[in-house]
Every structure is written in structure tokens, then in C-alpha cells.
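Structure first, then comments.
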Amino acid sequence: DQQVKQNSPSLSVQEGRISILNCDYTNSMFDYFLWYKKYPAEGPTFLISISSIKDKNEDGRFTVFLNKSAKHLSLHIVPSQPGDSAVYFCAASLQGAQKLVFGQGTRLTINP
Amino acid sequence: DTEVTQTPKHLVMGMTNKKSLKCEQHMGHRAMYWYKQKAKKPPELMFVYSYEKLSINESVPSRFSPECPNSSLLNLHLHALQPEDSALYLCASSQDWNEQFFGPGTRLTVL
């Protein structure tokens, strides 16, 4: 039972345009959501997070949107840059559970 | 110091060897984690230490043995591994269970 799903294994975007990565979850008890970026052979790097009491969080070029009724979150990157090419994982946590549940990841490629 | 360090970066071992992976953080985080990651898959949680005590073991085989000598260090002792245990092993730490900070990982190959 996959509680966090990233249905697009890959996404290709032109440099300078907006990248939108999507994530769906099934457990309505999740109360915190995160996005990580991962380059090959490196550990994931924390990007941005959002609490379930908010619907938007912004940090520079990165914005995360949370739609609790749809159990959906998205990461917007604008403008997209070549260095953004990586695998992006969304993750969710449950208060007190002491662990993250990861999605399968989306490989983002930014084309010059 | 805002990073998690892991040694070694790469490790090749035979199925009869005993080796250890090491992880260190100096952010004062109270929780430390071991994950295993296979290619094109998300990180898979193995163990969680909370205040130096093992709080979660995700049914990991006993050939993997974690140890937390102090609040900054986390080890993973390996013995009699199988080729299918080859993977990237990631250590992470966090203060509040949410934002976990990952190390660069150890690429393990079991021959």
C-alpha cells in the first residue's frame, strides 16, 4: 500500500519555464510534507516543507502548495535552471511516528 | 556545522566479511536514521535512534546491526551480507522527526 505517490516518473522542462512536480497521498493523518532533491550517488537534500495547517509555502524559486481536500501537493520551481535537473522525492510524516514516508520520485530534466 | 558526514564513501566486501559504516552529525539533533536506497527507488527506512536509543527497527535482517555510541555518532555493523544488500546506505538526522538531513551515503557492493 503506497501512501505517498508520485505518478510521473519523469518530467522535462525548458530552462526558464516553470516546473511543476506533483504528489498525492492517501493518509489524511499526515501532518507535515517535505520535498527533497537528489543527485546521483548523493544523499537527498532537503528543499522545502509545509505543515498541514498551511496551503502554501514559498522559498525563493521554490513554492509548495498543499490541497488537503484533494490530498495533493505540488512543488513549483520558477524559473527552472539546468542545476535543477535531479530526482525529486516528496515525503510525508505523521505526528509522533518518527519516520517519513517517501514517494517513488520524479526525475526532472531541465533542457537548455 | 550543518552537515551529516558518512564514511567510507565506497565499500566493497565479500559475503564473509565484517565491516562497519559510520555516520556523524554535530547539529545536536536528537534522532538519527539509517536508510537503504536501491537505484530508482526511494530511501527505505531501516532503523531510527531517538536520544541514543533504538526506537524503530523496520524488520531488518540481523546481518545489519546498528549502534549509537553517543548523540553524534551512528554506526551500522555489517556481517555475512548477501549480494542483494548492495545499495546506497544513507544516514540522516533530525531534531523534530520532520526535516531530516541526509549524509552523502556509502555505496556498498557485496560480492
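The values are calculated or read from the model by the stated rules, or taken from the named source; none is laboratory data. Predicted model only: the values in this text are computed from it and were never measured. Cβ placement follows ideal geometry from the backbone for every residue including glycine, while neighbour counts extend to all protein chains displayed. Each accessible area value is taken on the protein alone, full model and side chains, heavy atoms only, with ligands, DNA and RNA left out. Shrake-Rupley method; radii C 1.70, N 1.55, O 1.52, S 1.80 Å.
One table, with the values for the structure above:
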quantity: Accessible-area ranking of B:M46, A:M29, largest first, probe 1.4 Å; calculated: A:M29, B:M46
quantity: Scattering curve values for segment A:1-41, log₁₀ I(q)/I(0), Debye with Cα scatterers, q = 0.19, 0.21, 0.31, 0.33 Å⁻¹; calculated: -0.78, -0.90, -1.23, -1.27
quantity: Cα gyration tensor, segment A:41-102 - rounded (a/c under 1.5), prolate or oblate; calculated: oblate
quantity: Loss of accessible area when B meets A, both sides summed, Å² nearest 100, probe 1.4 Å; calculated: 1700 Å²
quantity: Other protein chain Cβ atoms within 10 Å, averaged over every residue that makes up A:32-39; calculated: 3
quantity: Heavy-atom accessible area ranking, 1.4 Å probe, most first, across B:E84, A:E42; calculated: B:E84, A:E42
quantity: Rule-of-thumb Rg ratio for segment B:2-93 [Cα; 2.2 N^0.38 Å; N residues]; calculated: 1.03
quantity: Heavy-atom accessible area ranking, 1.4 Å probe, most first, across B:R30, A:R107, A:R61, A:R17; calculated: A:R17, A:R107, B:R30, A:R61
quantity: Beta bridges by DSSP in chain A, antiparallel share as percent, to the nearest 5; calculated: 90 percent
quantity: Average partner coverage of B:82-89, which counts Cβ from other chains inside 10 Å; calculated: 1
quantity: Solvent-accessible surface (1.4 angstrom probe) belonging to A:V78, in square angstrom, nearest 10; calculated: 80 Å²
quantity: Selected from B:M32, B:Y49, B:V12, residue furthest toward positive end of dipole (segment B:6-53; charges at beta carbon); calculated: B:V12
quantity: Accessible carbon and sulfur surface of the protein assembly as shown relative to its total accessible area, %, 1.4 Å; calculated: 50 percent
quantity: In nm, spacing of pseudo-spin labels at A:K68 and B:K53 (7 Å Cα→C-beta vector); calculated: 3.2 nm
quantity: Average beta-carbon neighbours from other chains, 10 Å sphere, peptide A:84-96; calculated: 2
quantity: Backbone HN-Hα couplings from phi across segment B:23-40 [Karplus 6.51/-1.76/1.60, Hz, Gly and Pro as x]; calculated: 9, 9, 9, 10, 9, x, 5, 8, 10, 9, 9, 10, 10, 10, 10, 8, 4, 6
quantity: Per residue value of the accessible surface for chain A (all protein chains in place, 1.4 Å probe), Å²; calculated: 49 Å²
quantity: Tail beyond 30 Å, pair distance distribution of the protein assembly as shown (Cα, percent); calculated: 25 percent
quantity: Nitroxide proxy distance, nm - points 7 Å out along Cα→Cβ at A:Q2 and A:V78; calculated: 2.8 nm
quantity: Backbone HN-Hα couplings from phi across segment B:104-109 [Karplus 6.51/-1.76/1.60, Hz, Gly and Pro as x]; calculated: x, x, 10, 7, 9, 10
quantity: Surface accessible to a 1.4 Å probe, A:D24 within the full protein complex, Å²; calculated: 50 Å²
quantity: Efficiency of FRET between B:H10 and A:Y39 - r from beta-carbon atoms, R0 25 angstrom, step 0.05; calculated: 0.95
quantity: For chain A, the Rg and Dmax computed from alpha carbons only, in angstrom; calculated: 13.4, 43
quantity: Area accessible to solvent at A:L47, 1.4 Å probe radius, in Å²; calculated: 30 Å²
